Structure formats: C-alpha cells, structure tokens
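The values are calculated or read from the model by the stated rules, or taken from the named source; none is laboratory data. Computed from a prediction, not measured in an experiment: that's the story for all the values here. Here Cβ is always computed from backbone atoms with ideal geometry, including for glycine, and neighbour counts include all displayed protein chains. Remember, those area values only see protein heavy atoms, side chains included, never the ligands or the DNA or RNA. Shrake-Rupley method; radii C 1.70, N 1.55, O 1.52, S 1.80 Å.
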Amino acid sequence: HWPALTEATRHLDAPVGALHLGALRWNAQEMLRRAAGAPIRIATKSIRVRAVVEALLALPGYRGVLAYTLGEAIRLAERMPQLDDLVVGYPTAEVAGIRRLATDADLARRITLMVDSPAQLDLVDAVLSPAQRETLRVCLELDASWHAPLLGHLGVRRSPVHEPEDAGALAAYVAARPGFRVVGLMAYEAQIAGVANAPRGRPVDGLVNRWMQSRSLPELVERRARAVASVRRHAELEFVNGGGTGSLEATAADPSITELGAGSGILAGHLFDGYAHFTPAPAAAFALDVVRSPSPRHATVLGGGWVASGPPAADRLPRIVWPEGLRMLPREGAGEVQTPLTGDGAGRLRPGDRVWFRHTKSGELAEHLNEFAVVDGDEFVGTVPTYRGEGEAFL
C-alpha cells in the first residue's frame with residue numbers, strides 16, 4: 001500500500017496528501033453496511049473535500065450533509081445546487097451568514113440551523129426581525145451525554161437540553177415564536193460514537209469504555225424516544241438524527257432515529273483504529289521528505305507538526321506508518337518545521353526519501369493541504385482541492 005502511494009505520487013513535491021480510491025470505496029460501503037439501511041447524513045467537518053462529499057452523495061444511502069458552520073453550509077449550497085438538505089451541526093453567531101440565509105428564500109428552504117436555547121433565536125432576530133426575513137428552519141439539539149451514577153457527566157458538553165420535558169418545552173417555545181419552524185431533532189452520543197472501545201496498547205481503558213458504552217446506550221435510547229415524542233407534540237419533525245462513525249450499528253437500531261450522522265469513517269484518521277467492531281481502511285495520508293540525517297541513528301523530515309485537536313496526548317500526534325519501525329523523539333515530537341525520527345531503518349533513510357503519516361482526525365488533515373493526490377491502485381489519477389485549496393477556512 002505505502003510503497004505504491006510513494007511511487008504514484010513521486011512526481012509531486014512534499015508535503016503530499018493522498019486519497020486512496022480503493023480505501024475510500026471500502027469505507028463508504030462499509031459504513032452503509034453498518035448503517036443497516038438507515039440513511040447517513042455526511043458530517044463534512046470530517047472530510048473538507050467537496051469532491052469527496054459529492055461522490056458520497058451520488059451513492060444510494062448517503063443523504064444530505066451535516067455542516068460544521070453556517071458559512072460552510074452556504075458555500076456548499078452555492079457550489080452544489082443539487083444539494084437541498086443541509087443541516088448546520090452547531091449553533092451559529094455568524095451575523096453575515098444569518099443575514100444572507102434570512103434574505104434568500106432558496107437558502108432558507110435548504111439550510112437548517114441548530115439551536116438549543118432561546119438566546120440563539122434572539123441573536124437571529126437581532127440581525128433581522130421576523131417581518132424582515134424568511135422563516136428559518138431549526139433543529140433542536142438534545143444532550144446525549146450520560147449522567148452516570150458516581151461518575152457524573154460522561155460525554156461532551158453540547159446542549160443544555162437533557163431531559164425530554166425540556167426538549168418539549170423548547171419545541172413549544174419555538175413553535176409559538178414567529179420566524180422559526182422546528183423541523184428536526186439531533187442527539188450526538190459522543191461517549192459511544194467518539195470514544196474508542198479497543199484503544200491501541202490500553203486494554204484497561206478499552207474495558208472501561210466498553211462498560212460505559214453498554215450502560216450509556218440503553219439510557220439514551222429510552223430518553224431519546226421520550227424526547228422525540230415530547231417534541232412531536234409541538235412540531236412535525238422531518239428527521240431525527242443521531243450517532244457517529246463509532247456507533248452506526250447501535251444508533252441505527254434505535255427506532256426513534258430516522259437518519260445517522262457520520263463522516264470520520266470515510267477518510268479514517270488513525271483515531272478510528274481503536275474500535276473493536278469495525279476497521280476502516282487508511283484512505284487519507286500525507287508524506288514528508290527526509291531532508292537531513294543528524295546522526296547515524298536519526299533521519300529528519302521537513303514538517304510534521306500537524307497535531308490534532310482534543311485533550312493533549314500522544315494519540316493526537318500524526319502516526320508514522322511507512323517505513324515501519326520509525327518513531328518520533330519524546331523531547332521533540334512533531335515539529336513545526338522539522339521532525340527528527342529514530343528507530344529501525346532511520347539510519348538508512350536519505351534526503352529525498354518519503355515518510356508516510358496518518359493524521360489523528362479525519363478532516364483536520366485537509367486544513368494543512370491545498371489538494372489531495374488521488375491514487376487508484378498504484379496509479380496517480382489526478383488531484384482534488386480541499387476547502388483550503390478552494391480558498392476557504394471556515395474554522
């Protein structure tokens with residue numbers, strides 16, 4: 001795999017980002033298999049390459065996108081006129097974007113905002129009153145975290161709406177407020193979908209995580225069903241969204257959801273190597289050039305400091321995948337401009353040799369590259385621009 005990528009992209013200067021078509025096809029079909037017939041809304045923050053999003057939407061089983069900012073949703077709607085179902089996965093405070101959405105009937109028909117508080121509606125009305133704008137579609141976010149006995153809050157801090165009664169009260173409030181229409185409900189179970197249950201080299205953590213997920217899921221399924229019923233007393237829901245790459249099977253089995261949200265399993269950052277129930281193929285990677293040998297036991301590549309978001313830890317560093325046996329130096333790690341490497345074979349590397357890495361997160365790699373080289377088998381077939389390559393930086 002890796003020598004073939006090296007040869008296929010040899011004519012390109014580093015840093016080289018590569019997408020392997022065979023791995024992309026495998027991952028796309030594997031996610032559909034795991035979804036068991038539930039449609040998948042594409043979480044675009046985990047991709048950030050418009051050509052890949054378009055290719056996925058052409059496959060039966062993928063439907064709509066879950067954008068990560070309003071600006072991104074508007075730009076995708078502009079560049080993909082066939083895409084008529086965009087949900088912004090997080091609340092927005094983008095005044096220019098709100099004004100654009102609120103004064104464009106076509107965008108207001110296609111884009112749904114995320115809300116979990118009346119304050120977010122107040123912000124929209126402060127930009128343009130209901131009499132001055134289109135009625136805006138909104139999705140309510142239900143907190144999917146688990147309030148575990150003794151352990152407390154397990155999950156991410158997202159929505160303040162935790163109890164079904166609170167979701168119903170918010171739906172009633174929005175329904176009575178001019179200028180907004182509730183069309184969806186979302187609940188992202190991060191403690192299940194985004195926490196590895198078989199992390200590499202940490203078997204005890206894996207055991208604890210599997211225990212936590214086995215307790216958290218039944219609680220959420222019951223609570224989400226009650227929340228959906230409560231919201232439906234006040235609004236006609238077009239969709240109920242849940243899940244993520246790590247929980248496709250479990251969330252798809254929840255009778256209250258109508259669709260899944262996922263994207264990380266497509267490009268497959270190495271964070272998703274740590275799951276017991278699925279194994280994605282490494283579809284995205286990047287290569288750096290060796291430029292010096294500071295000692296007979298070391299080789300240094302130019303670049304490397306593409307560290308992922310999240311709690312600072314070793315698993316946020318890029319993972320060296322080829323040549324095998326290489327590792328970073330504990331006192332230097334992944335450097336801003338250069339990264340010294342040691343380990344088996346480091347002394348044999350010469351300037352111009354390539355070292356391949358995988359990013360921790362699936363979408364964040366695209367923020368460092370203007371384009372990806374597309375490789376099919378061992379052949380270079382072209383390039384596709386990232387959001388950055390199209391001149392966009394949404395976050």
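How large is the translational diffusion coefficient of the range 204-293 in µm² per second when you combine the Kirkwood radius over alpha carbon pairs with Stokes-Einstein at 4 °C and 1.567 mPa s? Answer from the Stokes-Einstein relation: 82 µm²/s. In this rough spin-label picture, where each label sits 7 Å from Cα along the Cβ direction, the residue 173-residue 238 distance is 2.4 nm. Can you check what the net charge comes to around residue 86, using other residues whose Cβ is under 12 Å from the Cβ of residue 86 (Lys, Arg +1; Asp, Glu -1)? Result for the local shell: +2.
Neighbours of residue 290 by Cβ distance under 13 Å: Lys/Arg scored +1, Asp/Glu scored -1, total +2.
By the compact-protein rule of thumb, 2.2 N^0.38 Å, the alpha-carbon radius of gyration of the chain corresponds to a ratio of 1.04. Calculated on the Cα set of the range 322-365, radius of gyration then Dmax: 11.4, 33 Å. For residue 372, the residues whose amide H sits under 5 Å from its own are 384, 386, ignoring neighbours fewer than 5 places away on the same chain, with H placed 1.01 Å from N. Helix 164-175 axis versus longest C-alpha principal axis of the chain: approximately 70°, rounded to the nearest ten. Taking a spot 7 Å from the Cα of residue 368 along the direction of its beta carbon, which residues of the range 305-342 have an amide N less than 11 Å from it? Residues passing the 11 Å test: 305-309, 317-320, 334-339.
Over all distinct Cα-Cα pairs of the range 284-390, the Kirkwood formula returns a hydrodynamic radius of 14.5 Å. In percent, rounded to a whole number, the relative contact order of the chain is 20, using alpha-carbon pairs under 8 Å and six or more apart. In the chain, helical runs assigned H by DSSP with n ≥ 4 each contribute -39500 (n - 2.57); averaged across all residues and rounded to the nearest 500, the mean residue ellipticity at 222 nm is -9000 deg cm²/dmol.
How large is the accessible surface per residue of the chain, computed with a 1.4 Å probe and reported in Å² as a whole number?
Using a 1.4 Å probe on heavy atoms only, each residue of the chain averages 43 Å².
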